[in-house]
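See below for the structure under consideration.
Bear in mind that the values in this text are calculations on the coordinates, not laboratory data. As the structure is a computational prediction, the values presented were derived from the model and not from experiment. Every residue, glycine as well, gets a Cβ built from its backbone with ideal geometry; the counts of neighbours run over all protein chains shown.
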Amino acid sequence: MTASDSRSVPPVTTVDMHALQEAMGDALVGMKLSQHHDRIEILGEDRAKFLHNLCTADVNKLSSGTGTEAFFLNAKGKTIDYGRLYATQTSIWLDLEPGRASAMLKHLDRYLFRERVNLHDRTAVYEHLHLLGPKADEWIRSLIDVPSDFPVPSVAEITTPAGKVQIRRMARSVWPGWDILVPQDSLASWIERFDSMAGRWLDNNVIESLRVEAGIPRFGKEITEENLAQEIGRDALAISFAKGCYIGQETVARLDAMGHVNKLLRGIELPANASVQVGAEIRAGDNLIGRVASVADALKETPSKRVLAVLRLNGGSPGDRVTIATDQGVCEGSVVTLPFPST
């Protein structure tokens, strides 16, 4: 049995909110996210200026230890990719969805001329864990001195015998938690330390339910190359409306001046027995207003299913009733704002 398979206690497989909150209060709770992200490290004196000109975030204002979400757009304002940027003293890290590093490196390299910038794919170098709950806060602060108001997102580095470890304040659910990036060859020892403290891992179904409940989008699911940045509802977290010129800015500025987009990422609450598939049509009356991007069991006492989808506002506003085609027939649900209500 390998270290990554050994567990001192069974994993948390329940999607009951009260049981999960109880586990978080009594134990160290974590997620194994090793396969969930690609990452690129950008080095060189011009790294901030270079990225600033290519994405929606105000990268020039990032100081060491801070982070931001960002959209990378084409000239028409459509999304090329979406990720998170973290600034350290020596570089900026870009976290992306699995399999996205190669395409993003080609995109970045296309605009690299005389800038003093070096691009490196670090996907295979680091493994990824996420911890959440009060016990996680205690454990992290036993490793590194971070302030009680350490914002989301932010990053700090510690040096260990196995190499540098990044500690990031990050929300992968409605509860802020901690990402830990560890060198690949030291992952087993970190998991052993976690297990020795009676840590409890969340299984993949619970992890997905947490993401859907919080309305956290992923590129390739809720975000596609057909989306405009403002359709995802991350404006305050990922878009600077005051920064200078960047690729796609004209479209972003025009939509901001108009005051709204025609579509927006929403949640849909469905009966627990709804057998909904990704890609299923969502209709308001006879009108097609979107397609299912993600579906997961609800984290609440009353069972239900929850869907994330980018919906047309005409028929897809909070409180509207919609129908979704399933193998068993048509299922009816209610549109809600994100994050989903917890009760």
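Inside the range 253-274, residues that are more than 27 Å from Val292 (Cβ to Cβ) and either surrounded by 12 or more Cβ atoms within 10 Å (Cβ to Cβ) or among the polar types (S, T, N, Q) (or both) make up a count of 2.
Look through Leu255, Leu264, Leu270 and report the one residue that is out of contact with any strand residue (DSSP E or B) (no Cβ under 6 Å at 6 or more places or on another chain) and within 19 Å of Ala214 (Cα to Cα).
The unique qualifying residue is Leu264.
Kindly check whether there is at least one residue in the range 175-198 that is crowded, with 20+ Cβ neighbours inside 10 Å, more than 30 Å from Gln21 (Cα to Cα) and not hydroxyl-bearing (Ser, Thr, Tyr). Checked against the condition, which is being crowded, with 20+ Cβ neighbours inside 10 Å, more than 30 Å from Gln21 (Cα to Cα) and not hydroxyl-bearing (Ser, Thr, Tyr), the range 175-198 yields no hits at all.
Let's see how each residue does on (1) out of contact with any Lys or Arg (no Cβ under 9 Å at 6 or more places or on another chain); (2) closer than 30 Å to Gly329 by Cα:
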residue	(1), (2)
Arg218	no, yes
Ala242	yes, no
Thr251	no, no
Leu264	no, yes
Pro271	no, yes
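Just one of the listed residues (Glu231, Glu281, Glu250) is of a type outside the set (Phe, Trp, Tyr), touching a residue at least 60 places away in the same chain (Cβ under 8 Å) and surrounded by fewer than 17 Cβ atoms within 10 Å (Cβ to Cβ), namely Glu250.
You will find that of Arg321, Arg306, the residue that is under 23 Å from the mean Cα position of the chain (by Cα) and not aliphatic (A, V, I, L, M) is Arg306 and no other. State which residue is surrounded by the most Cβ atoms within 10 Å (Cβ to Cβ) when the search covers only the range 19-33 and only residues that are more than 19 Å from Arg211 (Cα to Cα) and small (Gly, Ala, Ser). Here the answer is Ala27.
Evaluated against (1) crowded, with 16+ Cβ neighbours inside 10 Å; (2) closer than 19 Å to Lys243 by Cβ, Val165 falls short on exactly one condition, (2).
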